[in-house]
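Q: Sending over a structure as structure tokens; questions will come in a sec.
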Amino acid sequence: MDENQYRAYMLRLQRDEGQPYWRATLKNVHNDDVFHFANEKELLRHLLLALEIPQKDIGNN
């Protein structure tokens with residue numbers, strides 16, 4: 001399947017007692033890249049950027 005059409009990640013979330021934010025670890029199951037995030041906002045920003053369509057592919061849809 002085309003990488004632009006399918007993404008798979010394993011997500012781990014952890015929040016220590018008294019902490020306002022969730023920390024996250026995101027693992028790309030295709031290539032084992034691991035990303036660490038200090039809060040939910042950083043995680044969501046990363047995911048949104050990962051889902052953007054590259055400019056070269058816009059005309060191919």
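Q: Return 36, 46 ranked ascending by Cβ neighbour count within 10 Å, so the fewest neighbours appear first.
A: Ranked by crowding around the Cβ, least crowded first: 36, 46.
Q: Then there's this: Could you please rank 44, 26, 51, placing first whichever residue has the fewest other Cβ atoms within 10 Å of its Cβ?
A: 51, 44, 26
Q: I've got another one for you. I'm a student and want to see the number: the projected area of the Cα convex hull of the stretch 9-51, averaged over all directions, in nm².
A: 2.9
Any read-out appearing in this document is the output of simple, stated calculations on the displayed coordinates, not a laboratory observation. Predicted, not measured: the structure shown is a model, and the values here were computed from it. FYI the Cβ positions are ideal-geometry reconstructions off the backbone, even for glycines, and counts take in every protein chain you see.
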